[in-house]
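As structure tokens, the structure follows; a few thoughts come after it.
The values are calculated or read from the model by the stated rules, or taken from the named source; none is laboratory data. Nothing here was measured: the structure is a model prediction, and the numbers come from that model. Neighbour counts are summed over all protein chains in view; Cβ atoms, including those assigned to glycine, are modelled from backbone coordinates with ideal geometry. Surface areas here come from the heavy atoms of the whole protein model, side chains and all, with no ligands, DNA or RNA. Shrake-Rupley method; radii C 1.70, N 1.55, O 1.52, S 1.80 Å.
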Amino acid sequence: MKRSTPEEAWRALAGRRVLLPSSCGFPRDFVRTLREVASGPARYELVVGLAFSGFDFLAGMAPGVTVTTWQYARRESQAERIAYLPIRYSQILPSFAPGGAYPVDALVLHLSPPDGDGWCSLGVSPSYLAPLAAQVPLLVGVINSRMPSTTGHQRVHVDALSHAVHLDAELDGFGRPEFSDTDSAVARNVAGLVEDGATLQIGLGGIPEALPGQLMDRCGLGLYGMMTDGAMDLMEAGVVTGARYTPAPGTVEVGEVVGTRRLFDFVDGNPAVRAVSVDYAMNPQTFARVPALIAVNSAIEVDLTGQVNAETIGHRIVSGAGGQFDYMHGASLSPGGASVIALRATTSGGHSRIVGSLAAGSVVTTPRTAVSHVVTEHGVAVLRGRTLRQRVEAMAAIAAPEHRERLLAEFEGAAA
């Protein structure tokens with residue numbers, strides 16, 4: 001390991017395709033120091049998923065600095081320098097590994113301070129980095145005194161680092177989302193699908209934030225995939241215990257920790273929260289051992305047969321495929337599992353999000369064959385084991401009342 005300044009580390013990364021941590025692990029302060037180094041013909045391709053602080057840092061960078069992302073989250077001021085790579089979360093390792101479809105040359109690892117034996121935790125964003133660290137030769141470790149040390153097998157030894165940069169910088173946190181009465185109504189309907197002992201996979205947004213409050217009377221729940229402030233509330237209340245979680249009883253297993261400083265402190269050294277890698281978490285054999293996995297994801301629109309678009313508004317990309325399909329398919333492998341799409345029935349402008357057919361330019365993030373339930377504030381549409389006609393009728397019944405007749409008429413007209 002060579003202890004380096006940020007500028008020295010960036011010089012070693014010049015001309016390379018560099019994979020960075022995502023979400024709350026995105027090393028924002030370290031990336032901003034690239035401004036002092038990048039100049040002239042030097043090129044840097046930064047590969048990253050979701051970055052809560054966005055990619056506006058490109059505005060101060062030399063033209064040779066670009067971003068490739070698989071989680072395009074919003075319109076960016078430097079959109080011409082951002083390339084979108086449409087891949088699922090389970091495809092990250094085989095895509096970015098040496099010999100893969102989009103191999104990277106170097107990794108930036110955002111690490112906790114080393115323990116007495118020199119081992120650093122990958123902290124809040126361990127999912128895809130540890131397996132790649134054993135394959136990619138150039139490793140830059142950003143050792144941050146504010147990065148929590150998460151338990152599990154996601155650790156890197158300081159001797160494996162080509163360069164070590166020491167920082168004291170707050171993480172790129174994600175504040176708790178606000179939720180509406182409508183979100184609460186959707187969450188109540190989702191909660192009706194969650195029995196004692198089930199395992200939850202939930203994402204981010206108003207409905208996932210509202211859901212924990214609807215589950216406080218459950219017991220022995222498990223958690224899988226992502227740790228949020230809402231999930232922490234359930235653990236602190238004794239609702240999520242992992243008691244029936246077969247792969248690692250008494251724990252929760254997550255690949256990302258997304259939330260506030262209070263959450264980061266909660267997971268620091270907490271043996272009940274295990275950090276796991278994407279090759280383990282997205283493995284069909286692991287899913288088959290997770291009891292009653294209830295995968296709860298959202299969408300921009302869902303058609304009457306259950307096709308899910310969670311990425312585009314027309315031709316405009318607003319999100320990425322992420323792990324939605326992986327978790328939805330995984331839930332179908334889980335004994336007693338359910339793959340759930342939860343969304344408000346209408347947009348803020350009153351347009352139905354249950355549609356006769358997906359809009360022009362829309363993509364299918366999750367096919368109808370991988371969706372067991374669709375939930376709105378108006379009820380639950382059970383799709384698993386239903387004929388096409390039964391699906392259409394069930395979906396129309398959970399649309400906003402003012403749109404139901406039109407939706408059925410559209411389907412009848414298209415089928416005629």
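Quick notes on this structure:
- Hey, G222 at pLDDT below 95, among the small types (G, A, S) and either assigned to a helix (DSSP H, G or I) or open to solvent by less than 50 Å² (accessible area, probe 1.4 Å) (or both) or not: no
- Condition broken by E7, with the remaining ones in (1) over 21 Å from P98 (Cα atoms); (2) buried (at least 22 other Cβ atoms within 10 Å of the Cβ) satisfied: (2)
- Any hit, region 313-320, residues being assigned to a loop (DSSP other than H, G, I, E, B), more than 13 Å from the chain's Cα centre (by Cα) and buried (at least 23 other Cβ atoms within 10 Å of the Cβ): no
Here's the yes/no breakdown for (1) closer than 18 Å to Y128 by Cβ; (2) part of a helix (DSSP H, G or I); (3) in contact with a strand residue (DSSP E or B) (Cβ under 9 Å, 6 or more places away or on another chain); (4) in contact (Cβ under 8 Å) with a residue 24 or more places away in the chain:
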site	(1), (2), (3), (4)
E7	no, yes, no, yes
L34	no, yes, yes, yes
P41	no, no, no, no
L46	yes, no, yes, yes
F52	yes, no, no, yes
A59	no, yes, no, no
P63	no, no, no, no
E80	no, yes, no, no
Q91	yes, yes, no, no
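- Selected residue (only one of A106, A101, A97 is over 24 Å from N144 (Cα atoms), open to solvent by less than 20 Å² (accessible area, probe 1.4 Å) and at pLDDT 95 or above): A97
- Residue selected from region 19-32 under the condition in contact with a helix residue (DSSP H, G or I) (Cβ under 9 Å, 6 or more places away or on another chain) and touching a residue at least 60 places away in the same chain (Cβ under 8 Å), by the criterion farthest from L263 (Cα to Cα): L19
- Members of region 382-406 that are touching a residue at least 60 places away in the same chain (Cβ under 8 Å) and in a loop (DSSP other than H, G, I, E, B): L383
- Scan of region 149-164 for residues that are under 23 Å from the mean Cα position of the chain (by Cα) and either small (G, A, S) or open to solvent by 30 Å² or more (accessible area, probe 1.4 Å) (or both), ordered by number: S149, T151, G152, H153, R155
- Pick from region 137-148, criterion assigned to a loop (DSSP other than H, G, I, E, B) and at pLDDT 95 or above, ranking: surrounded by the fewest Cβ atoms within 10 Å (Cβ to Cβ): S145
- When region 386-416 is filtered for residues that are in contact with a Ser or Thr (Cβ under 8 Å, 6 or more places away or on another chain) and loosely packed, with under 11 Cβ neighbours inside 10 Å, only A414 remains.
- Residue count for region 181-218, restricted to those that are part of a loop (DSSP other than H, G, I, E, B), of a type outside the set (K, R) and either at pLDDT 95 or above or under 18 Å from P271 (Cα atoms) (or both): 11.
- The residues listed here are G255, G213; of these, the one that is farther than 16 Å from G175 by Cα and open to solvent by 20 Å² or more (accessible area, probe 1.4 Å) is G213.
- Verdict on L383 being of a type in the set (A, V, I, L, M), closer than 23 Å to S180 by Cα and crowded, with 20+ Cβ neighbours inside 10 Å: no
- Among the residues making up region 328-381, those that are under 17 Å from E311 (Cα atoms), of a type outside the set (D, E, K, R) and part of a helix (DSSP H, G or I) are M328, A370.
- Residue identified as without any contact (Cβ under 8 Å) to a residue 60 or more places away in the chain and farther than 14 Å from P177 by Cα among G220, G230: G220
- In region 175-197, the residues that are over 16 Å from I398 (Cβ atoms) form Cβ pairs under 7 Å with partners that are open to solvent by 50 Å² or more (accessible area, probe 1.4 Å) and of a type outside the set (D, E, K, R), at six or more places apart or across chains, as follows: P177/L204; D196/C219.
- Qualifying residue in region 165-174 (condition: closer than 22 Å to P208 by Cβ and open to solvent by 20 Å² or more (accessible area, probe 1.4 Å)): yes
- Restricting the first member to region 94-113 and to residues that are more than 16 Å from V278 (Cβ to Cβ), and the second to residues that are among the hydroxyl-bearing types (S, T, Y) and exposed (fewer than 15 other Cβ atoms within 10 Å of the Cβ), the beta-carbon pairs closer than 7 Å and six or more apart or on different chains are P113/S145.
- Any hit, region 187-195, residues being of a type in the set (G, A, S), open to solvent by 10 Å² or more (accessible area, probe 1.4 Å) and at positive phi: no
- Members of region 153-180 that are under 19 Å from I143 (Cβ atoms), of a type in the set (A, V, I, L, M, F, W, C) and either assigned to a loop (DSSP other than H, G, I, E, B) or out of contact with any Leu (no Cβ under 7 Å at 6 or more places or on another chain) (or both): V158, L161, A164, V165, L167, A169, L171
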